[in-house]
Structures are given as structure tokens and as C-alpha cells.
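The values are calculated or read from the model by the stated rules, or taken from the named source; none is laboratory data. Values in this document were obtained by computation on a predicted structure and should not be read as measured data. A quick note on method: Cβ atoms are made from the backbone with ideal geometry, for glycine too, and the neighbour counts reach across all protein chains shown. Side chains are part of the model used for accessible areas, which takes the heavy atoms of the whole protein and leaves out ligands, DNA and RNA. Shrake-Rupley method; radii C 1.70, N 1.55, O 1.52, S 1.80 Å.
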Amino acid sequence: MFKIISNTLLGAILLITPAVNAQSGFRIDPHIQNITQDGATLIWESNEEETGSLTWGPKGEPLSNTIDAAKLGKIQRVRIKGLSAGTEYTYSIATGEDVKSASFITAPVDKDREITFIVVGDSRRWGNRWSETGMDEHVLQWNADVYVTMGDLVGDGHQYEQWPEHFGRFASITQSKWFVTARGNHEGSQIRGTENDWFAKYHELPGDGEPYAVFDWGNTHFVLVSYESTGREKDWTKSAQWLDRHLESVDSQYTVVAHHFPVYCTGYYSDDLSRKEPGINAGEFRKVLDKHNVTLNCTGHTHIYERHYPLRNNQRDDENGTWYVVNGGDINANFPDWWSAVTDDRQTQAKPTYTVYQMKSDRVVARTFAWSKVNNAIEEIDYFVIAPDPSIGAATLKNLSNQKGDSLRDGIKDLGALLFAPAAKPLLEYLDHDDESVRHAAARSLALLGNESIAPELVTYLTHSDPVVAASVARSLEAAMPGKLAKSVAKLVLDEAVNENVRFHLIGALQFHASEKLAADTMVKLLSAGITGELRNRASYTLADTATAKHTKAMLELVQAEESKYVTFTLARTLNKVTGNRVSLADKGPLANSEPGDRGAMVDRWRR
Ligand SMILES: [Fe+2]
Ligand SMILES: [Fe+2]
């Protein structure tokens, strides 16, 4: 009661005292939301309660239209209506002596219009890195129409104090471009604690809003699902039913489905594989993406960057699959899995990352950028092209013989980006090219193609004098290899004379394409031979995936003496699995506190 009276009094004072309030100013700058063909919403927050207002007009003309906020308050939300499609407008908003003006463009009317959008994931842990690394400027070169994020914008969305940091980080973008967000788990519940649901107060989602927000921009239809409608099996299933009905009536050239928890992910580098879990429950949802030929699935949550091979019916299908990309904001991917086309590299890359998608009439061109720790610069870490018409790949391949230098290199790179399978065999001849950049492009494209039909030829390049060629070829075998090569690959894995990066990827080749017995037996030999570092980590990871109770004795010996925490926990997790006896893997549990050679009690427990 008292609050209402005081608000009314303050309103009255403001009305009769138009002089500026020196205490005022923006707590959160105006940011644009829910841009449609005929309207847009501006949301901002002042430090003091005010009856805010907004002036606007077509760009280049006087701002002759004024809209007053509906009521006295700090957070204001004003919708500009009656606009024309694909048109630029300017707005200006004042609070106290603080004035913010910017321009925005309404959604286009043309359903064939090519568009560009940028995807940003899990930005809450970025601190100042977005501006420090120059990403804030770097994204502007694409002149994107829209930005899409999959949430985790702040640490705890129900904490009022946390929001200015997020809006401050992206203010130079969000004043004129729509940052449309699928709510992440860190935004907090939409259902519980609604009076502290600051995400809802600071955002306006399109269509029916949460949990299923949809909009069209040019040739692309976007669907955003809030995190509370995925995650548990029953949530995925309910969302799958909604999505199935919804996509029946969508006829856009491209469909993008974005939500926080990944359908597939390798998980981040840790001895705890919990981040692999989400996709396991997404069965029904995944089937709907298949059924409606969804172009792209964008997710976050797991703090890594990874792009999967196109997947359909839970299998790689380069021609007809949906492309799955996890933009988790950070760099820290686990070892690749069978579905991984590209994972980030924690040795050389750092946050932040973003992906730009150019939705062209005949193809989607996508590039991902991250900070390079090695070169202190923003670098392209992934490049891929979604082209439904195979004649694009065929023409690129046909042109190759006429190209030289940079254009030859770029053509080869395009063939890998396109996943154009018929290029696999012709690319082999470039692995010995005199020009290093051509050689490396061919090796990297072959790694992406991961084509089983050329695997026997690839084996001869595993000992190539150029280490990039040798390692890329090994990566190609990791992606696809016929089982009959497994025995010769196992020999190379155990051969100390072979390059470590080659052995690293060949471990994966055994994990995914050899019999479980051969893979596990080889890993036990490798670990017992005293390999170290990443090779040892990878071997334990592969052993975890392939070991059976028959490997218990060998693993007990290994775990007794193990020095590395990662390997110790990975072995322990595997021993829990194969013996059925559980030793606590808790951070402060007995295993975490144990020393090599002093794990007798745990070993006894597993032996029981
Ligand atoms: Fe997150
Ligand atoms: Fe999350």
C-alpha cells in the first residue's frame, strides 16, 4: 500500500518537474527485442523510477513520434507499432541526462531473402573477454540481421545484480540488433520464483513467447525452446510433440531449432562424463528434426565448441542429415566421438567463440571464430557449407585442376567444408603437393571427409614426413575406417617411433571402428607401457568405452600406480562399471585424496 502511494507521489513530482533528475541514467541501456515486419520492442532500465518515453522516426527524418511508457517504473518496455517491413528506423530514449539513440531494421517481407545470423553461446563466464579480444568489433563485419543465443547469459538470472554485466557486454550490438535468446538453466526457472524472473522482465520473445518462441527472418524459420522444456525425457518428448505439429505448417527454405541442452555432445574435458547425458534422452525430439528435415540445430550448455557430422536416424548422413552445432561459449571439448566432425582444441584455443551463418539461396556458409592462445588473435576454427545440391561440390571438384596457389587451396578447403564425398580420392594426390598450404588443405579436408573408401590408401600416409599430413590422415581414419584395417592400426598405435598426434587419432580409430576386444586389449598394453600426457588420457578414455570384466585385473594394477588424476578417475569409473562395485568418485572422496600405490582399500572393493 505504502509503495503504491509513494510511486504515485513520485509520478506526480516528475510530471510537474520536467527538469532532469541528476541521479538518473540507465542501469541497463535500451536494447531491441521482438522485431517483426511491423514493429519492435525497446526495453531499458533507469536507476530511478520514471515515466519513460521514446521518440522514433524513419531513419534520416526527425523523430516526430513519441510513445510514453505505460506506467511509472525502472524497467520500461515500449512497443513501436505500425512500421514498414525491411525499413530502417531511429529511436531515442532519455533518462535524466543520459540519452541513447540507435537505428534498427524491421524484418523483411520477402521469404526468399538471404540472411545472415550470428550464434553466441553461454557468455556468462566471459568477463571482459568479448571486448578485450576484439570479438565485439569482429562480429560487426558480417552485418548480421539477427543474433541467436542459447542462454546462460548470467550466473543466476534470479539475481537482479547480475544483469547489467550481460547487457553491458553486448550493448553496442543489442541497441540495434535483436539478441533473441532461448532461456538457459542459468537464467533460472520461468515457472518457479516468477517475481525474480528477470530474464522475462528484460526480454520479449517472439510468437507465443516461452517455452516455444518462433519467428521468420527472410528465408529462415527459427524455433527457440526454453531449457525447462528439454532435459528430462518427458520434457523432450512433450517438446517433440509440439515441434512436430508446429513444423507441419512451416515452408521456409531453412529451419533452425535452437535450445540450451545439446541433443548430442561429447562433453567437456573432465573425468566426469555427465555432460554427455543430455542427448541420450532426446530420442523423440531428434526424430522430429529428422522427419521435418531441420537444417540446423544450435545448442549450448556444455562449455565447448563442437560441430557434428550431419545426423539422421542417429547415424551419420552427409546428404540428408541435420547439422548439429554446440556453441557452449568456452573451449574445452572432450575427445571426439564418432559423430564429431570438429571439436575445439583446448591446447591452442580460448574463449570466446561465435559462429556466423550466411543463409544463401543455394547454400549455407558457416564460420566459427575463437581466440587463439598461440597467435594472440581471433582465428577461424571451423568452416562448413551446407549445400543440398551436389552439383556445387561437383563443380568445385571439376575446377580444381585449373587452379593454382591460393585458389587451389581454397577449392580444396571448400570440398572438405561441403563434405563432398566424391572428392576424397582426387584429394589424395594433393597430399604430396610442393606447396605446403595446398598439402595441408588437402589433409584437413580429408580429415573432415572421413571417407571409408580411401582408408587403405590413407594408411600409407600415416608416416608422412609432414606431421600435419600424417596427423590429419589419422584423424580421417578416426572418423571412418573399415574394421579390416584395425589390426595394422593397432600395431602403429603401439609403435613408439610413430608421431604422437598420429597415435592419438588412431586410438580413436580403434575405439570407433575396431572390435571392443582389440581396442581394449591395445589400450591396456599402451597404458602399461607407460605412455604419458594426452596419449595416456586418450587411451584411458577409449579403455573406458571398450573394457569388459576381463580387463579388471589389468585395470586394478594400473589404477594402483596411476599418477594422473584424469586417468585415475577414468579407470575408477570404468572399474565401477565393469565390476558393479562402487567406489566414490566424489571430488573430496577417498579416491580423490589417495596417492599412487596407496589405493589398496579401493582395489579390494573392486576385487570383491
Ligand atoms: Fe552454461
Ligand atoms: Fe547451461
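Taken over region 289-314, residues that are more than 16 Å from ligand 1 (Cβ to nearest atom), open to solvent by 10 Å² or more (accessible area, probe 1.4 Å) and either within 14 Å of Thr149 (Cα to Cα) or not basic (Lys, Arg) (or both) amount to 6. Say whether the condition of being among the charged types (D, E, K, R), more than 20 Å from the chain's Cα centre (by Cα) and surrounded by fewer than 20 Cβ atoms within 10 Å (Cβ to Cβ) is met by at least one residue in region 115-130. So far as region 115-130 goes, no, none of its residues is among the charged types (D, E, K, R), more than 20 Å from the chain's Cα centre (by Cα) and surrounded by fewer than 20 Cβ atoms within 10 Å (Cβ to Cβ). Would a scan of region 234-243 turn up a residue that is within 16 Å of ligand 1 (Cβ to nearest atom), open to solvent by 20 Å² or more (accessible area, probe 1.4 Å) and under 24 Å from Ser189 (Cα atoms)? Within region 234-243 (the criterion being within 16 Å of ligand 1 (Cβ to nearest atom), open to solvent by 20 Å² or more (accessible area, probe 1.4 Å) and under 24 Å from Ser189 (Cα atoms)), the answer is no, since none of the residues qualifies.
So, in region 225-262, exactly how many residues are within 25 Å of Ile115 (Cβ to Cβ), outside any loop (DSSP other than H, G, I, E, B), within 16 Å of ligand 2 (Cβ to nearest atom) and not β-branched (Val, Ile, Thr)? So the answer is 2. Taken together, the criteria exclude Ile32 from residues that are of a type in the set (A, V, I, L, M) and either touching a Pro at 6+ places or on another chain (Cβ under 6 Å) or open to solvent by 10 Å² or more (accessible area, probe 1.4 Å) (or both). Only one entry of Cys298, Cys265 meets the criterion of being within 16 Å of ligand 2 (Cβ to nearest atom) and not in a strand (DSSP E or B), and that entry is Cys265. Of all residues in region 141-160, at least one satisfies being free of Cβ contacts under 8 Å to residues at least 40 places away in the same chain, under 17 Å from Phe369 (Cα atoms) and open to solvent by 20 Å² or more (accessible area, probe 1.4 Å). The conditions of being β-branched (Val, Ile, Thr), open to solvent by 30 Å² or more (accessible area, probe 1.4 Å), over 12 Å from Ala514 (Cβ atoms) and part of a helix (DSSP H, G or I) are not met by Val473. Of all the residues in region 185-209, those that are open to solvent by 10 Å² or more (accessible area, probe 1.4 Å), within 16 Å of ligand 2 (Cβ to nearest atom) and closer than 25 Å to Tyr357 by Cβ number 2.
Yes/no per residue for (1) acidic (Asp, Glu); (2) free of Cβ contacts under 8 Å to residues at least 24 places away in the same chain; (3) open to solvent by less than 60 Å² (accessible area, probe 1.4 Å):
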| residue | (1), (2), (3) |
| --- | --- |
| Arg363 | no, no, no |
| Phe369 | no, no, yes |
| Pro390 | no, no, no |
| Asp406 | yes, no, no |
| Leu431 | no, no, yes |
| Val438 | no, no, yes |
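Within region 586-608, which residues are buried (at least 16 other Cβ atoms within 10 Å of the Cβ), part of a loop (DSSP other than H, G, I, E, B) and not polar (S, T, N, Q)? Across region 586-608, the qualifying residues are Leu591, Arg599.
Out of all the residues in region 399-426, which are in a helix (DSSP H, G or I) and over 21 Å from Arg367 (Cβ atoms)?
Asn399, Leu400, Ser401, Asn402, Gly405, Ala421, Pro422, Ala424, Lys425, Pro426
The set of residues in region 372-388 that are in contact (Cβ under 8 Å) with a residue 12 or more places away in the chain, part of a strand (DSSP E or B) and over 19 Å from Gly416 (Cβ atoms) comprises Ser372, Ile378.
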